[in-house]
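Before any comments, here is the structure.
Values quoted throughout were computed directly from the atomic coordinates according to the rules given, and no laboratory measurement underlies them. Treat the numbers as computed from the prediction; the structure is a model and nothing was measured. Reconstructed Cβ throughout: ideal geometry from the backbone, glycine too, with neighbour counts over all protein chains shown.
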Amino acid sequence: MVKENKELKVSAIKEGTVIDHIPASKLFKVIEILSLDKIDKQITFGTNLESKKLGRKAIIKISDKFFEEDEINKIALIAPDAKLNIIKDYEVVEKKVVKLPKQIHGIVKCVNPKCITNYEDVPPKFTVLEKNGKVALKCNYCEKITDEENIKLL
Ligand code: CTP
Ligand code: ZN
């Protein structure tokens with residue numbers, strides 16, 4: 001059964017993935033990191049929706065799309081509190097939390113302009129650290145730390 005309530009601001013979907021509890025300010029980064037602009041499925045999203053936990057949250061609903069674990073975990077870099085809901089025949093059949101990967105390959109640029117990954121064709125690799133509850137990425141090549149605020153997607 002479709003849950004009908006006043007909170008359902010973006011229509012329910014029949015099959016697919018709902019990414020919920022995205023901080024409103026991170027919506028477009030999540031879209032970018034998952035390359036949702038290149039997916040030919042129906043996508044709806046809402047932002048600046050009310051949320052008790054986040055103040056303002058965003059939500060993305062992708063019909064007929066089920067992500068691989070490593071794709072999902074990329075979201076943790078940007079929206080660690082995001083929740084994924086797997087929808088089958090209108091029902092939430094599974095809820096997934098995103099987990100920070102231990103290593104990141106590609107995806108993010110090293111903050112150090114002199115890093116080999118910024119001037120040669122070497123894909124960046126990082127070890128993921130947590131500093132004061134924030135994500136920090138230590139470059140496997142130059143060892144410089146890219147802080148959460150400086151995370152730029154490739
Ligand atoms: N949803 C949807 N389509 C469906 C079923 C659910 O888009 N057919 C969305 C709901 O709008 C909600 C999310 O999936 O944003 C999770 O649904 P549900 O678990 O029913 O809601 P809550 O209990 O509010 O979720 P939470 O655990 O995140 O508090
Ligand atoms: Zn580097």
Legend entry - Cβ-placed point charges (K, R +1; D, E -1), dipole of the chain about Cα centre in debye, nearest 20: 480
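Say R0 is 35 Å: what FRET efficiency, to the nearest 0.05, do ASP121 and VAL97 get from their beta-carbon distance?
The calculated FRET efficiency here is 0.50.
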Legend entry - Relative contact order of the chain, pairs being alpha-carbon contacts under 8 Å that are 6 or more residues apart, as %: 20
Inset, instruction - For the range 18-23, just list the computed ³J(HN,Hα) in residue order, Karplus coefficients 6.51, -1.76 and 1.60, θ = phi - 60°, integers in Hz, with x standing in for Gly and Pro. - result: 10, 9, 10, 6, 8, x
Legend entry - Euclidean distance of C-alpha centroids, the range 84-154 and the range 42-70, integer Å: 20
Legend entry - nm² value of the averaged projected area, convex hull over the Cα atoms of the chain: 9.7
